[in-house]
Amino acid sequence: MTQSKPYQPILLRLLHGLTAILVLLALDTGFWVYDIYDGRWGRLGLPQIEAMQGIHGTIALTFFLLLPFFAVYSFRLGDRRLLQPNSLTQLKQLGKPIWWVSAHRLINTGMLLAGTLAVVTGRMMKEEWLPAGELNHFAYLGHLLAWGVMFGALALHLLLGIKVGGVPLLTSMVSLGKREGDRPKNWLQGFQQRQSLLLKSLEIIVGLGVLFALVVPLFSF
């Protein structure tokens, strides 16, 4: 019997694709900014482009604006891809298929939290810090930590995705095909009104992080 190919909803592919592009661009430009102004943990000697900090900021702002939509989808429509109440128990079953699935869910959840920390700390930063050599601000160090975690989580996300669903799972995320019924009017079908305490708590953390990132530029640090 021929195994059916995995299919991902168009809304997921759209949000996931845009988020992935922005994360990759933010990681690249963020490292470039680090390479220009910091480099205390190693540098590549990239070209000294003064506008790079502004480019990174624009990409990060776009990611920040998209994050609430991706988070709502993840917690309310794609919740089965995140940590579940029994995930910790399943993570004790080393080597079994369910362990890989639970580890993938853990990484997916970690990426959401790392992205939230990245936007919070990024919005707390001042543009003049790095050019002035002020490299030890809490917000900047937290920003480096967030994007370091994001880089590692992204690599694990891809590797575990291959382990869990193989190449067909990865290709299904970038496929341009669609099924009958996968139309905008149906995109919110299955929207979860009730959640586990675990997911509800994580959703509140992300939501509060987004709200904090929205207002934090009004204050001085």
Add -39500 (n - 2.57) for each DSSP H run of 4 or more in the chain, then divide by its residues: what number comes out at 222 nm, to the nearest 500 deg cm²/dmol?
-22500 deg cm²/dmol
What angle do you read, to the nearest 10 degrees and between 0 and 90, between the alpha-carbon axis of helix 138-174 and the longest principal axis of the chain?
30 degrees
Kindly express, to the nearest 10 degrees and within the range 0 to 90, the angle between helix 97-124's C-alpha long axis and the longest C-alpha principal axis of the chain.
30 degrees
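Which net charge results for the neighbourhood of Thr109, defined as the other residues with beta-carbon distances under 15 angstrom from its beta-carbon, given Lys and Arg at +1 and Asp and Glu at -1? Could you put the intermediate results ahead of the total?
Working: positive: Arg76, Arg80, Arg81, Arg105, Lys200; negative: Asp79, Glu203.
Charge balance near Thr109 sits at +3.
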Whole-number accessible area per residue in Å² for the range 1-151, which is evaluated in the context of all protein chains at 1.4 Å:
54 Å²
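Please go through the range 5-72 and write out the trypsin sites (Lys or Arg not before Pro) that DSSP classes as loop and that have at most 10 other C-beta atoms within 10 Å. Walk me through the numbers on the way to the answer.
Numbers: sites: Arg13, Arg40, Arg43; in loops: Arg40, Arg43.
In loop regions of the range 5-72 (DSSP not H, G, I, E or B), the sparsely surrounded trypsin sites (Lys or Arg not before Pro) are Arg40.
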So, in Å, what gap is there between the alpha-carbon centers of the range 149-221 and the range 19-58?
24 Å
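So for each of 148-154, 211-217 I average, over its residues, the number of other beta carbons within 10 Å; can you give me the resulting order with the highest mean first?
Working: 148-154: 17.4, 211-217: 14.0.
Packing order, densest peptide first, comes out as 148-154, 211-217.
Net charge near Met125, counting Lys/Arg +1 and Asp/Glu -1 over other residues with Cβ under 13 Å of its Cβ? Don't jump to the answer; show the numbers that get you there.
On the way: positive: Arg123, Lys126; negative: Asp38, Glu127, Glu128, Glu134.
Residues near Met125 contribute -2 overall.
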Working only with C-alpha atoms, what are the Rg and Dmax values of the range 109-186, expressed in angstrom?
18.4, 56
Within the range 113-221, list the GluC sites (Glu not before Pro) lying in a DSSP loop whose Cβ has at most 13 other Cβ atoms in a 10 Å radius.
Glu127, Glu128, Glu134, Glu180
Could you pull out the trypsin sites (Lys or Arg not before Pro) across the range 180-217 that fall in loop regions by DSSP (anything but H, G, I, E, B) with no more than 11 other Cβ atoms inside 10 Å?
Arg194
Under unit Cβ charges (Lys, Arg +1; Asp, Glu -1), what dipole magnitude, rounded to 20 debye, does the chain have relative to its Cα centre?
1180 debye
Can you give the alpha-carbon Rg of the chain over 2.2 N^0.38 Å, where N counts its residues?
1.11
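Given 0.36 nm per residue, what is the gain on full extension from Leu159 to Leu141 after removing their alpha carbon distance, in nm? Write down the numbers at each step before the final one.
Details: separation 18, 0.36 × 18 = 6.48 nm, distance 2.74 nm.
Full extension from Leu159 to Leu141 adds 3.7 nm.
Roughly how many percent of the accessible protein surface of the chain is carbon and sulfur, given a 1.4 Å probe and a whole-percent answer? Intermediate results must be reported in sequence, preceding the final value.
Values: 9060 of 13220 Å².
With neighbouring chains kept in place, the figure for the chain is 68 percent.
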With only alpha-carbon pairs counted, each pair once and no self-pairs, how large is the Kirkwood hydrodynamic radius of the range 46-135 in angstroms?
15.7 Å
Return one number: the angle in degrees, 0 to 90 and rounded to the nearest 10, between the long axis of the Cα atoms of helix 10-37 and the longest principal axis of the Cα atoms of the chain.
20 degrees
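Pull out the extension gain between Leu211 and Leu197, defined as 0.36 nm times the separation in residues minus the alpha carbon to alpha carbon distance; nm, one decimal.
Computed gain between Leu211 and Leu197 is 3.0 nm.
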Identify all lysines with a Cα-Cα distance to Lys200 below 25 Å; exclude those on the same chain that are fewer than 8 residues away in sequence.
Lys92
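The values are calculated or read from the model by the stated rules, or taken from the named source; none is laboratory data. Every value quoted in this text rests on a predicted model; they were computed, and no experiment measured them. For neighbour counting, all protein chains shown are included, and Cβ atoms are generated from backbone atoms with ideal geometry for every residue, glycine included. Keep in mind that these areas ignore ligands, DNA and RNA; they rest on the heavy atoms of the full protein, side chains included. Shrake-Rupley method; radii C 1.70, N 1.55, O 1.52, S 1.80 Å.
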